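Taking it in order: structure first as structure tokens, then the write-up.
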Amino acid sequence: MLRQIADGVLAHESEFIQSNAVVVQGKAGVLLIDAGITGEEMVAIADDLRKLNQPVVAGFSTHPHWDHLLWHAKLGEAPRYGTARCAADIKAFLSDPSWKDGVAEELPPEVAGDVPLDLLGLITGLPAGTTQIPWDGPQVRIFEHQAHAPGHAALLIEERRVLVAGDMLSDVLIPMLDLNDTADPIEDYLAALRLLEGVANDADVLVPGHGSIGGADQLRARIDQDRAYVQALREGHVPDDPRIGPSAKPGWEWVGDVHAWQAQHIAEGNERGGSPG
Ligand SMILES: [Zn+2]
């Protein structure tokens, strides 16, 4: 289930859109980042950790989207964190009494029967400007940006040289912009890519929120690929991108639909004069 991706760092890939959960070994237990999707796989992670004698001592959600906010009782009751903006966003979402219906509608049928929602989003926001996850283990630096979702965090496990990118730098998903009332989603995305480029020299392993884990070469290639996509979107070109069109992986053709929707949204914004250059 869990496989080692660096010294003291393990990962589990879900069958649901190749979602990656990451485990960082600390002194008295582990930090679990984006815990997983189905109850079955979160229980499997909990079982693996019990065999390793490693309780979960902290959790972290990279951003406030349901597939990064789940938890299972068997993982225990450790504090779970996110950035302040991430926590505020999910708190507002959970204040709508019908939120479970909204999530249930989004769940694909192959996992819908086994996604435990009761502990979704029960995270504590770290004070704005917090640069490290508070826990007893290797330093995990937080790089907050506003691409993809409010208060999105990329995490650098410094001494392990692992970058946990959240929903960026994927080999299967195109950049998905946060188009919910954001003033300049394109620039937010490009700024986040610059932020990741600034730490690229400090990482040998890249873990995207969805897709294949890669090395330093993949980290750089995917920064360039995501930037080219976003620039094409800004300029109204059809991106030459292997993740959409005929070269998309079987089963991932829907990513092209996401692209078409984004392109239309950006074009309409430009017509309104809302998003220059
Ligand atoms: Zn995601």
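Brief remarks on what is shown
- One decimal place: the segment residue 98-residue 40 gains 18.4 nm when fully extended, by the rule 0.36 nm per residue minus the C-alpha distance.
- Cα centroid of the range 46-81 to Cα centroid of the range 20-40, whole Å: 5
- Relative contact order [Cα under 8 Å, 6+ residues apart], the chain, whole percent: 15
- Counting beta carbons within 10 Å around each of 81, 229 and listing the fewest first gives the order 229, 81.
- Candidates 40, 105, 235, ranked by Gaussian network fluctuation over the chain, Cα under 10 Å, top entry: 105
- The range 165-237-the range 104-155 distance, computed between alpha-carbon centres (Å): 18
- Fraction of antiparallel bridges per DSSP, the chain only, in percent to nearest 5: 65
- Relative exposure of 173, 94, 206, judged by other C-beta atoms within 10 Å (fewest first): 94, 173, 206
- Look at 83, 38 and count the other Cβ atoms within 10 Å of each Cβ; fewest to most, that gives 38, 83.
- Cα centre as origin, Lys/Arg/Asp/Glu Cβ charges: the range 1-101 dipole, Debye: 400
- Each stretch of four or more DSSP H residues adds -39500 (n - 2.57); spread over every residue of the chain, this sum gives -10000 deg cm²/dmol at 222 nm.
We did not get these values from a lab; they are worked out from the coordinates using the rules stated. The shown structure was predicted, so the numbers you read here are calculated from the model rather than taken from an experiment. Glycine gets a Cβ as well: all are built from the backbone with ideal geometry, and neighbour counts include every protein chain shown.
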